[in-house]
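One structure is given here, and the rest of the page talks about it.
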There are 2 protein chains.
Amino acid sequence: MHFTSESSADGVTRRHFTLDGVPGVLWRPDGPPLGGRPLVLLGHGGGGHKLGPGVVDRADRCVRRHGFAAVALDAPGHGERARSAQDERFATEIGELLAAGRPISAWVARHTAALAERAVPEWVAVLDALEAAEADGGRVGGLGPVGFWGLSLGSVIGIPLAAAEPRIAAAVFGLTGHASQTEAAARVGVPVEFLLQWDDELVPREGALALFGALGSSEKTLHANPGGHVDVPELELESSERFLARHLLRAE
Amino acid sequence: MHFTSESSADGVTRRHFTLDGVPGVLWRPDGPPLGGRPLVLLGHGGGGHKLGPGVVDRADRCVRRHGFAAVALDAPGHGERARSAQDERFATEIGELLAAGRPISAWVARHTAALAERAVPEWVAVLDALEAAEADGGRVGGLGPVGFWGLSLGSVIGIPLAAAEPRIAAAVFGLTGHASQTEAAARVGVPVEFLLQWDDELVPREGALALFGALGSSEKTLHANPGGHVDVPELELESSERFLARHLLRAE
């Protein structure tokens with residue numbers, strides 16, 4: 001893990017890093033290193049990146065309101081990362097299919113599942129590196145309880161990540177739902193808050209409901225609201241923040 | 001409206017009343033009358049009554065935490081009210097049907113719809129009487145923004161009530177869902193928080209989802225959690241309390 005730059009504003013330190021070619025950002029309160037404080041992994045949506053406005057806003061809230069740390073990565077084919085020919089094709093074709101009013105759910109599921117296969121080990125490696133940083137006497141230091149927050153593509157990656165990664169103690173998922181995700185969902189055991197948009201033009205309602213049902217967690221809650229894929233109400237962002245704070249503080 | 005008794009404990013005044021033979025209870029902070037403060041109508045579930053533990057607990061919270069007033073009535077055939085032969089039959093048969101593992105949804109919907117037809121005008125009359133009490137120089141006085149909180153039978157009554165009664169500004173519904181409720185649901189326009197139990201043994205999941213979808217409100221939110229009909233998590237009761245407080249304070 002190579003830290004490439006560091007800045008600070010309004011009490012929030014922002015450190016850019018790369019790990020095996022994956023660019024990421026760590027946010028934490030100014031001053032001492034992680035020191036066992038809760039850490040929230042922020043997964044961006046399809047077409048977004050680690051410094052998209054929603055990601056930065058949530059990172060700022062994690063740090064300022066709760067004193068947590070937060071980390072975001074560019075998903076494969078996103079942000080500063082090179083796009084493969086397949087990524088380019090996907091970005092072009094999704095617009096064409098949507099414009100033509102064709103169903104895209106299975107096609108999106110196939111492409112994003114391939115991204116998730118690459119992204120899950122990248123997140124695990126970042127957790128390993130952050131955990132090791134303290135032993136190195138580094139400035140990051142010390143992994144506390146870990147939460148995951150990511151909708152849409154963020155959940156396509158986050159669900160198999162939470163299924164595989166025992167350091168994750170609670171997760172916010174949503175805006176996704178395809179049969180190909182069922183098996184991983186069943187292996188998720190931690191508390192989940194799952195967001196569904198009732199009129200989601202990209203995710204069939206039945207698929208999202210079935211995915212919520214498939215989650216293996218005994219403690220899980222579904223919040224559904226009217227509106228399309230990008231219309232998640234502000235109140236739900238606050239609710240998911242409360243949800244993570246509650247579980248991560250409990251896990252400390 | 002005849003007030004039959006009054007008591008006070010821990011800052012909460014409790015006043016029993018009857019109106020045209022319907023027994024009810026009004027809770028409010030000790031001291032001055034309603035005086036325009038928000039009022040929450042509490043609808044109990046099937047087999048419950050106006051002083052059931054859940055109702056009293058919610059009334060206490062309305063008063064102590066928020067300074068609101070609250071009112072509960074015995075639904076037709078419940079609590080202190082006489083049971084008709086049909087009510088008696090219902091109470092006997094529901095146990096037999098459940099024990100036999102037979103589907104009860106349509107049968108419950110038919111019986112509770114008949115109760116709702118009687119209960120809706122009773123709630124309207126109580127609101128009229130509370131509103132009039134101030135003009136009479138009475139001790140109750142002054143109707144502020146009105147919220148409704150009621151699950152299961154409470155919602156079977158509350159949905160047509162909220163459809164018909166413009167004084168209701170926000171409502172918490174849930175644990176119900178039958179096609180016979182669709183038409184009234186479509187006429188509800190106020191913000192709704194709707195609770196669904198994912199493994200509800202009394203209410204088919206599809207019916208509850210369809211009823212949420214049918215609500216005419218542009219601002220509505222569905223909260224679903226694992227567990228059976230009576231397993232609504234404590235956190236959801238707190239969420240629904242926050243929801244009502246937010247909307248009733250905004251409506252003041």
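Report whether or not residue A:154 is surrounded by 22 or more Cβ atoms within 10 Å (Cβ to Cβ), on the phi > 0 side of the Ramachandran plot and away from chain B (no Cβ under 12 Å).
Working: surrounded by 22 or more Cβ atoms within 10 Å (Cβ to Cβ): yes; on the phi > 0 side of the Ramachandran plot: no; away from chain B (no Cβ under 12 Å): yes.
It is false that residue A:154 is surrounded by 22 or more Cβ atoms within 10 Å (Cβ to Cβ), on the phi > 0 side of the Ramachandran plot and away from chain B (no Cβ under 12 Å).
Out of curiosity, is residue A:187 away from every other protein chain (no Cβ under 14 Å), at negative phi and of a type in the set (Lys, Arg)?
Working: away from every other protein chain (no Cβ under 14 Å): yes; at negative phi: yes; of a type in the set (Lys, Arg): yes.
Against the criterion (away from every other protein chain (no Cβ under 14 Å), at negative phi and of a type in the set (Lys, Arg)), residue A:187 qualifies.
In the stretch B:16-48, which residues are surrounded by fewer than 20 Cβ atoms within 10 Å (Cβ to Cβ) and under 30 Å from residue B:88 (Cα atoms)?
Within the stretch B:16-48, B:16, B:18, B:19, B:20, B:21, B:23, B:47 qualify.
Testing residue B:252 on (1) away from chain A (no Cβ under 14 Å); (2) within 20 Å of residue A:197 (Cα to Cα), one condition comes back false. Which one is that?
Unmet condition: (2).
Counting only residues that are in a strand (DSSP E or B) and in contact (Cβ under 8 Å) with a residue 60 or more places away in the chain, how many does the stretch A:29-54 have? Can you show your working first?
Filtering the stretch A:29-54 down to residues in a strand (DSSP E or B) leaves A:29, A:39-43.
Checking the rest, the ones that are also in contact (Cβ under 8 Å) with a residue 60 or more places away in the chain come to A:39-43.
Of the residues in that region, 5 qualify.
Can you tell me which residue among A:153, A:97 is hydrophobic (A, V, I, L, M, F, W, C) and in contact with a Ser or Thr (Cβ under 7 Å, 6 or more places away or on another chain)? Can you show your working first?
On the way: A:97 fails: in contact with a Ser or Thr (Cβ under 7 Å, 6 or more places away or on another chain).
Criteria check complete, one pass: A:153.
Filter the stretch A:204-213 down to the residues that are buried (at least 22 other Cβ atoms within 10 Å of the Cβ) and within 11 Å of chain B (Cβ to nearest Cβ) and list them by number.
Here is the first cut: in the stretch A:204-213, the ones buried (at least 22 other Cβ atoms within 10 Å of the Cβ) are A:208, A:211-212.
Listed by number, the list holds a single entry, A:212.
Six or more apart or on different chains, Cβ under 9 Å: which pairs go from a residue in the stretch B:223-241 that's free of Cβ contacts under 8 Å to residues at least 40 places away in the same chain and away from chain A (no Cβ under 13 Å) to one that's charged (D, E, K, R) and surrounded by fewer than 16 Cβ atoms within 10 Å (Cβ to Cβ)? Could you list them?
B:228/B:199; B:228/B:201
Within the stretch A:55-69, can you find the residues that are crowded, with 17+ Cβ neighbours inside 10 Å and part of a helix (DSSP H, G or I)?
As a first pass, look at the stretch A:55-69 and keep what is crowded, with 17+ Cβ neighbours inside 10 Å: A:55-56, A:58-63, A:66, A:68-69.
Across the stretch A:55-69, the qualifying residues are A:55, A:56, A:58, A:59, A:60, A:61, A:62, A:63, A:66.
Are there any pairs, at least 6 apart or on different chains, whose C-beta atoms fall under 6 Å, with the first in the stretch B:144-159 and closer than 9 Å to residue B:75 by Cβ and the second modelled with pLDDT under 95 and outside any helix (DSSP H, G or I), and if so, which?
Matching pairs, first to second residue: B:153/B:46.
Each row is one residue, and each column tells you yes or no for (1) under 15 Å from residue B:225 (Cα atoms); (2) surrounded by 22 or more Cβ atoms within 10 Å (Cβ to Cβ); (3) modelled with pLDDT of 95 or more.
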| residue | (1), (2), (3) |
| --- | --- |
| A:175 | no, yes, yes |
| A:182 | no, no, yes |
| A:197 | no, yes, yes |
| A:202 | no, no, no |
| A:215 | yes, yes, yes |
| A:222 | yes, yes, yes |
| A:233 | no, no, yes |
| A:241 | no, no, yes |
| A:245 | no, no, yes |
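Among the residues of the stretch B:14-30 satisfying the criterion of being out of contact with any helix residue (DSSP H, G or I) (no Cβ under 6 Å at 6 or more places or on another chain) and of a type in the set (Val, Ile, Thr), which is farthest from residue B:118 (Cα to Cα)?
B:25
Of the residues A:114, A:119, which is assigned to a helix (DSSP H, G or I) and surrounded by fewer than 19 Cβ atoms within 10 Å (Cβ to Cβ)? Steps first, please.
Details: A:119 fails: surrounded by fewer than 19 Cβ atoms within 10 Å (Cβ to Cβ).
Just a single option satisfies the conditions, and that option is A:114.
Could you list, in sequence order, the residues of the stretch B:164-173 that are crowded, with 22+ Cβ neighbours inside 10 Å and free of Cβ contacts under 8 Å to residues at least 60 places away in the same chain?
Result: B:171, B:173.
Got a number for residues in the stretch B:88-106 being exposed (fewer than 11 other Cβ atoms within 10 Å of the Cβ) and outside any helix (DSSP H, G or I)?
Residues in the stretch B:88-106 being exposed (fewer than 11 other Cβ atoms within 10 Å of the Cβ) and outside any helix (DSSP H, G or I): 4 in total.
The values are calculated or read from the model by the stated rules, or taken from the named source; none is laboratory data. These numbers were taken from a predicted model, which means no experiment stands behind them. Counting neighbours? That spans all protein chains shown, and the Cβs are built from the backbone with ideal geometry, glycine included.
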